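Read through the structure below, which is laid out as structure tokens, and then see the notes.
No lab work stands behind these numbers, since they all come straight from the coordinates. Worth saying up front: this structure is predicted, and the values here are computed from it rather than measured. Heads up, the Cβs are rebuilt from the backbone with ideal geometry, glycines too, and the neighbour counts pull from every protein chain shown.
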């Protein structure tokens, strides 16, 4: 409390307080010991259940006890119970979690226990075939949406509640119209748009609606662009808006949209010349232009602009100047690698890859550059591999670092790529002293092939 | 002990006097509080409708009100109306709220957020006032670039701008010019910021005070809700004044209402009676006289023969360093307020406007997702009966402020000043169900005061406000909303007291003459009267003034006690040489100072704390 005078406490009072705390701690520790011992001895009695209730009310973060509680329920309580008794017990557990969530809204184990309870609600009260066969379950699910909305009313940015919301939405016996979710997220966003979870939820819902064809992607995307621009212009320093914008733009295949958005951001930058997210986004969208439309845009100018923006970024956000330095290296690398591969018209990936590797080798990529290229989002997996090979060729002795790199970067894409690449790297590593690139590539290809076979066999 | 003997007698139960009385009473002084009216609140009272009608007939002149024109007599359920004589809204942070909390008076009353703000713009439509980033984000009338500029300005205004380059040299620039020039804001937004967010009254208002007001309002948002302002139940100021009186009574204050004073007589300097009080006050229909050491009242109650005993307590415009409140309007070009009180039986809405360009409908029209908004999610499969969910009626205004910037009505006479409409409904407990009070007010420039007719001035604004009435539900919504007829209207003119700066200069001259003529310190304290202020400022101004009055009274009381004691001592032990007396007084003076410091440390003593709970 502020503005309240601290009343000086006597030594005795402090001592008494300490004593009280001590006795509380002793009690808690004794209870903990007791419960852990019971768990060890597989005591699944009701008495133990009550003990877990007791301790979870004090400390709901004690996940071992939640686990133990479920074991008691499954092994000790439920076997001797009728369906309606089980139902009652679960309803008790649900209200236990409700109380706990009110005080601890961000404890995973409570949310987790809640899910478990819901999933274990028995069928009933009616028998199979009766209209109320699923009555109990439906009752809970109806309430569940209410619970999660209450939680989000208290804290609209509770990501646990949001992810639980998605769980509830996907598990409800009678699914809701997904469009209501758009309305809900919009309402939350309008109350405070600095809400990564709400934007994320929105992106998920839109993606699924587009995929199902329930919403016209082009048209609704335009509406989203309109919405997000309002957020960007209102508070340009709010990262959540920029991330959503980036998601909307996506890989940037549509040149018109890209250029239009770049123009809008430039307009904002004019108003707010020190906006970090403005500049960073401009760099990113320029790179996407280069990446996707290399033959039809003025690449030199774009690279030049990126350099300028990055220079500015180093000033306004000096804590991340190294990152901006690296992005500055990336832009020309990207351009030259694209220029090298673009004339290869054939859809022969292997040839493209070789060309890219050749050009990377001939440019004399440093390890750092190579690593940057690997981690940037502007490359496809096959390009990454080519770069890897080129880099390993150049840098010979530092391959260890690269193999890790490859493993990490490729695991982003798909499992098989990742296996292939790590085998490739290992192969490259083994053949360190081999001479020509072709030989290396051969090794890599062979090992890739083997891995794929292995993958298929599995 | 003598029941009629008080340390302090406070005359008048206006907000300033009531807060001061409560603070003095809580600090342990014996307080008597008088009011000639049978109700609390003085010029800030909340009156039932029949009381208000009566007041307008006979009581108003003493409050400086005149030129009444009324249509309609009192209405049924008259006692369910609380008409405020000083309609105002309370910022959620500031001296009044602090006093309400620190004194515990907040527990006596209820409050609600003032949640709708509109501005009448030049094109004759009402727009919602965008006061925070969410409003700006949602607003469809402001272009993207203007959103950025507006937000940048609001960030500037909510921060510590005193040393910022943007402000340098612009402190006394007219505010609107400053907004347009330094922040490149367009006319409409500059006008919105100036009149509807910073509550400027005139285009001549200068930048620094307006910015300081705005900063406090911006920082008030979020304390009790997204809106920065509260309104008290039952007519706000009057009810709050009564709450403070109750707090004073709880700690031993004595209240006598409905009694006018027949005489105030200073006690003759006498050595014969032990402990003589400084004043004897007689009331018309009250047998026993009251005695007291000091009197606190506003200027209007001071008998002319006591002028030499008075001291004006400084107002916030005086150059005291601690005065952070710069709410007082600097321009002194106006001395009266034209007021209108109208009662209506149809709700108003800010978003629907004549030309149909209303925010809400355009918002719902553009994406079909909003069609789902009103549906209960659990019933979304079954309810699809509403054929056109777009026609969701906008929320009626139940506690809202509508601002008319100067010259916004083609037929409006208020070309130099803004007009404020404050609308309250039954959720503020000041009207019966389905009834609303509209308070309109605007300053009148000095030159016009003599000729001004409040009805002529305010009628066009009342009509414009009434056009916001939601269409009758029985009419098809496509009908143009018809203007409604109010059930009751009263227009009047309230003259503002002397402007504060001249009052404080007169106080200093007063003080110097007093020290010249009499050796004693003045024991009749005059509370500063409230100058004409923007609608959110007067309650805080009253609280600030009350605190000054409190400290002045504490100092004076200590002084007067000590001098009485010393006089008493002197009369017994040393048959007085003048020089000795002066010395004693000087000594006790310094003692008094330190004693005051030690005994009374704060405006409000700490509230009784609940026993520290064991968290078991």
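Using alpha carbons only, how many angstrom separate the centre of segment B:43-68 from the centre of segment A:128-183? Cα centroid of segment B:43-68 versus Cα centroid of segment A:128-183: 58 Å apart.
Where does each of B:109-117, B:540-548, A:256-264 land if you order them by average Cβ count within 10 Å, highest first? Display every interim value, and only then the final one.
Numbers: B:109-117: 19.6, B:540-548: 25.1, A:256-264: 15.3.
The packing order, highest mean first, is B:540-548, B:109-117, A:256-264.
Ranked for footprinting exposure by Cβ neighbours inside 10 Å, fewest first, B:245, A:81 give A:81, B:245.
Looking at the square roots a ≥ b ≥ c of the eigenvalues of the Cα gyration tensor of segment B:141-221, which shape do they give, rounded for a/c under 1.5, prolate if a/b is larger than b/c, or oblate? Please report the intermediate quantities before stating the final value.
Numbers: a/c = 1.26, a/b = 1.19, b/c = 1.06.
Here segment B:141-221 falls in the rounded category.
Packing around the peptides B:339-346, A:86-93, taken as the average count of other Cβ atoms within 10 Å per residue, puts them in this order, highest first: B:339-346, A:86-93. Shape analysis of segment A:57-169 places it in the oblate category; the axes a ≥ b ≥ c from the Cα gyration tensor give an a/c of at least 1.5, with a/b not above b/c.
For the peptides A:11-22, B:253-264, B:48-59, B:15-26, the ranking by mean Cβ contacts within 10 Å, running from highest to lowest, is B:15-26, B:48-59, B:253-264, A:11-22.
For residue A:59 and residue A:15, FRET efficiency with R0 = 22 Å and r from the beta-carbon atoms, rounded to 0.05?
Values: r = 26 Å, r/R0 = 1.18.
Here the calculated transfer efficiency is 0.25.
The stretch between residue A:23 and residue A:316, if pulled fully straight at 0.36 nm per residue, gains 100.1 nm over its current Cα-Cα span. Note on residue B:226 and residue A:120: their simple-model spin labels are 4.2 nm apart, each label 7 Å out from Cα toward Cβ.
Taken as Cα centroids, segment A:209-246 and segment B:13-32 sit 58 Å apart, rounded to the nearest whole angstrom.
What is segment A:192-276 by shape, rounded, prolate or oblate, if you read a ≥ b ≥ c off the alpha carbon gyration tensor as root eigenvalues and call it rounded for a/c under 1.5, prolate for a/b larger than b/c, and oblate otherwise? Oblate, because a/c is 1.5 or more while a/b does not exceed b/c.
Quick one: if the Förster radius is 41 Å, what FRET efficiency do residue A:7 and residue B:77 give, using the C-beta to C-beta distance and rounding to 0.05?
On the way: r = 50 Å, r/R0 = 1.22.
The value I calculate is 0.25.
Mean per-residue shielding of peptide A:265-272 is 3, counting Cβ atoms of other chains within 10 Å of each Cβ. Take each residue in A:180-188, count the other chain C-beta atoms within 10 Å of its C-beta, and the mean is 4. With 10 Å bins beginning at zero, the pair-distance distribution over Cα atoms of segment B:161-285 amounts to 10, 22, 20, 14, 17, 13, 3, 0 %.
Across peptide B:140-146, the mean count of Cβ atoms from other chains lying within 10 Å of each residue's own Cβ comes to 3. Zone of residue A:102 (label point 7 Å along Cα→Cβ, backbone N under 16 Å): which residues in segment A:151-171? Output list for this probe position: A:151-155.
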